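Working notes for the structure below.
The values are calculated or read from the model by the stated rules, or taken from the named source; none is laboratory data. The model shown is predicted, which means the values in this text are computed figures rather than measured ones. Reconstructed Cβ throughout: ideal geometry from the backbone, glycine too, with neighbour counts over all protein chains shown.
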Amino acid sequence: MSLVRNTIIALFLIIAFFAQAQIGGLSASKLGSFSIGVVPNKMIEFEPSFTHYISKQYWDKSGKRQDIFSTSDSVRNISAMSFRFTYGILDKLELGVSVSPDVSMSNWGLRYVILNNAKFGLAAITGANIPLGNQTIDKKLRLADNIMSFGIGGVMSYNFNKNFSADFTGQYQLFAEETDHNDKNSLFFNLDFGYYFFDHQLQLVTALAYRTVQDDEGGHNVFTINPGITVETGETFIIVLYFPIDVVGKREIINNGFGFALTMAIN
């Protein structure tokens with residue numbers, strides 16, 4: 001593999017890592033999108049999660065698929081874990097943080113419920129992604145994963161009936177200072193549809209996600225379809241399984257994978 005291609009792939013991996021760093025630490029009822037429901041007052045939610053991605057190709061600046069490796073017998077595997085802690089401050093307010101196992105990155109979030117009735121709900125979210133380091137850092141290199149960013153957004157939930165519902169989240173993110181790659185701002189859009197079976201013990205979910213980051217070269221983006229399930233047979237825990245598939249994009253690694261999360265409520 002040439003030096004130029006190595007450099008391009010390394011850059012895309014940095015982009016792909018940080019582009020997924022949306023507002024974190026908040027609870028969810030489905031997969032990619034938040035809902036307007038918050039953790040109950042004075043209760044804590046703890047959630048360990050695991051993701052694994054497989055990559056063989058990337059989209060170039062024209063949106064065409066290109067092979068990462070010069071031979072077909074190579075593949076890039078990326079695995080990650082995170083731990084989320086969310087606390088219900090008030091009946092309509094929650095605060096949370098997600099951290100990586102080595103505590104090198106933290107994602108903080110705050111959600112306030114503006115409106116919540118039987119059919120429709122609306123909430124506001126804000127947060128910050130704060131790198132903690134846990135490594136030697138050259139301050140002259142302003143890499144995206146070493147720079148603090150801030151986000152703000154809104155959440156809408158709609159209940160079609162007692163079993164079928166949808167959640168939508170829109171977020172805007174900007175960096176605290178200019179990066180080496182001059183990433184200016186990011187937009188994230190998530191739309192999740194969920195349908196319950198077996199008296200709300202099993203939920204089938206289809207999640208749609210789009211993210212775009214603007215830079216000097218016009219930006220990079222990706223659209224992802226993420227099917228999955230939530231298993232809610234216990235009173236104090238929820239099991240989440242999901243299988244994200246990148247469908248179309250530009251200047252991004254093409255990832256396919258799976259994830260697992262265990263959400264536990266602590267009084």
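Going by what's in this entry, would residue 120 be described as at pLDDT 95 or above and over 27 Å from residue 260 (Cα atoms)?
Details: at pLDDT 95 or above: yes; over 27 Å from residue 260 (Cα atoms): yes.
Criteria met by residue 120.
Is it true that residue 93 is at pLDDT 95 or above and of a type outside the set (D, E, K, R)? Write out each step before concluding.
Numbers: at pLDDT 95 or above: yes; of a type outside the set (D, E, K, R): yes.
Yes: the conditions hold for residue 93.
Look at segment 194-211 and say how many of its residues are farther than 12 Å from residue 230 by Cα and not in a loop (DSSP other than H, G, I, E, B).
Going through segment 194-211 one residue at a time, the tally reaches 5.
Condition check ((1) in contact (Cβ under 8 Å) with a residue 24 or more places away in the chain; (2) in contact with a helix residue (DSSP H, G or I) (Cβ under 7 Å, 6 or more places away or on another chain); (3) closer than 19 Å to residue 62 by Cβ; (4) outside any strand (DSSP E or B)) across all residues:
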site	(1), (2), (3), (4)
192	yes, no, no, no
213	yes, yes, yes, no
218	yes, no, yes, yes
225	no, no, no, no
230	yes, no, no, no
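Looking only at segment 192-239, filter to residues that are under 18 Å from residue 168 (Cβ atoms) and hydroxyl-bearing (Ser, Thr, Tyr); which one of those is surrounded by the most Cβ atoms within 10 Å (Cβ to Cβ)?
Within segment 192-239, the match that is surrounded by the most Cβ atoms within 10 Å (Cβ to Cβ) is 230.
Select from segment 57-80 the residues that are surrounded by 13 or more Cβ atoms within 10 Å (Cβ to Cβ) and either at pLDDT 95 or above or not charged (D, E, K, R) (or both) and write down the one among them that is farthest from the chain's Cα centre (by Cα).
69
Looking at 150, 168, 189, 175, which one is surrounded by fewer than 21 Cβ atoms within 10 Å (Cβ to Cβ), under 15 Å from the mean Cα position of the chain (by Cα) and at pLDDT below 95?
Numbers: 168 fails: at pLDDT below 95; 189 fails: at pLDDT below 95; 175 fails: under 15 Å from the mean Cα position of the chain (by Cα).
Just one listed residue meets the conditions, 150.
Would you please list the contacts, defined by Cβ atoms under 6 Å and residues six or more apart or on different chains, that run from a residue in segment 171-189 that is closer than 25 Å to residue 33 by Cα and of a type in the set (Lys, Arg) to a residue that is at pLDDT 70 or above and in a strand (DSSP E or B)?
184/214
Among the residues of segment 240-267, write down those that are assigned to a strand (DSSP E or B), under 30 Å from residue 41 (Cα atoms) and in contact (Cβ under 8 Å) with a residue 24 or more places away in the chain. Break it down stepwise before answering.
Step one: filter segment 240-267 for residues assigned to a strand (DSSP E or B), giving 240-242, 245-250, 252-266.
Still in the running and under 30 Å from residue 41 (Cα atoms): 240-242, 259-266.
Within segment 240-267, 240, 242, 259, 260, 261, 262, 263, 264, 265, 266 meet the criteria.
Which ones in segment 229-247 are in contact with a Ser or Thr (Cβ under 9 Å, 6 or more places away or on another chain) and more than 17 Å from residue 84 (Cβ to Cβ)?
Listed by number, the residues that qualify are 244, 245, 246, 247.
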